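The block underneath contains the structure these notes are about, expressed in structure tokens.
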Amino acid sequence: MKKLLLTLTIVLSGLSYAQQVPAVLKTGFSREALKQKLEDEDGKTITIQQILDQHKGKVLVLDFWAGWCRDCLQALPKAEELEKNNPNVDFVFLSLERSKEGFDKSLVRFNMKDKDNYWFASGWKNDFNNYIDLNWIPRYMIIDQKSAIAKYYAISPEDPEIQKTIDSLLQ
């Protein structure tokens, strides 16, 4: 009985941490967050600011994922559907793989090679992820045409607020 209670306590405490909506829904990025470096498929370094600059003037969806993440993989078909249904929206995939080798393998395994992909070589805990309160994946953010955050927190590509936000930005 003690083992069961201990197991239940551990599981419930994990559930209380996972996917908690941040207390503050931010609408912009800090300077430190924008300086965060990622790597592309070729190992070239790019900052969050440079990614945002490349997509300025467009609605942008940031999709945080990893090939080891069961929730991400379950969401992948709906994320692909969201992308397909919004041809005028840019999608950038930010990987939280544990290694460059894992990043490369996941891109091939999940048919992501033809997408705009970057990897947090610095790991999960970094200035950008800390700033956006990234506590679980998958996570989706919508960035408006001026690089401001239009939708700060969504945990499913099926969240109706994602499409609603995209539609309002494209009007």
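Which of the residues spanning the stretch 39-83 are open to solvent by less than 40 Å² (accessible area, probe 1.4 Å) and over 13 Å from the mean Cα position of the chain (by Cα)?
Selection gives ASP40, GLY43, ILE46, THR47, ILE51, LEU52, HIS55, VAL59, LEU82.
Hey, SER122 hits all of (1) at pLDDT below 95; (2) over 24 Å from ALA33 (Cα atoms); (3) among the hydroxyl-bearing types (Ser, Thr, Tyr) but one; which does it fall short on?
SER122 satisfies every listed condition except (2).
Restricting the stretch 149-171 to residues that are part of a loop (DSSP other than H, G, I, E, B) and not hydrophobic (A, V, I, L, M, F, W, C), which is most open to solvent (accessible area, probe 1.4 Å)? So that I can check it myself, show each step before the final result.
Filtering the stretch 149-171 down to residues part of a loop (DSSP other than H, G, I, E, B) leaves 155-159, 171.
After this cut, where a residue has to be not hydrophobic (A, V, I, L, M, F, W, C) as well, the list is 156-159, 171.
Details: SER156: 36, PRO157: 12, GLU158: 116, ASP159: 41, GLN171: 185 Å².
The qualifying residue most open to solvent (accessible area, probe 1.4 Å) is GLN171.
Which fully enclosed helices (runs of 4 or more DSSP H) of the stretch 1-60 have 1 or more residues being modelled with pLDDT of 95 or more, under 23 Å from ILE132 (Cβ atoms) and not β-branched (Val, Ile, Thr)?
Output list reads 31-34, 48-54.
Using beta carbons and a limit of 6 Å, which pairs, at least six apart or on different chains, have the first residue in the stretch 137-152 and in contact (Cβ under 8 Å) with a residue 40 or more places away in the chain and more than 18 Å from VAL21 (Cα to Cα) and the second one open to solvent by 10 Å² or more (accessible area, probe 1.4 Å) and small (Gly, Ala, Ser)?
Listed pairs, sorted by first residue: ASP144/ALA150; GLN145/GLY57; ALA148/GLY28.
Within the stretch 80-128, count every residue that is in a loop (DSSP other than H, G, I, E, B) and over 15 Å from GLU41 (Cβ atoms).
Number of matching residues: 11.
The values are calculated or read from the model by the stated rules, or taken from the named source; none is laboratory data. These figures come from a predicted structure and were not determined experimentally. For neighbour counting, all protein chains shown are included, and Cβ atoms are generated from backbone atoms with ideal geometry for every residue, glycine included. Quick note on the areas: whole protein, heavy atoms, side chains included, nothing else; ligands and nucleic acids left out. Shrake-Rupley method; radii C 1.70, N 1.55, O 1.52, S 1.80 Å.
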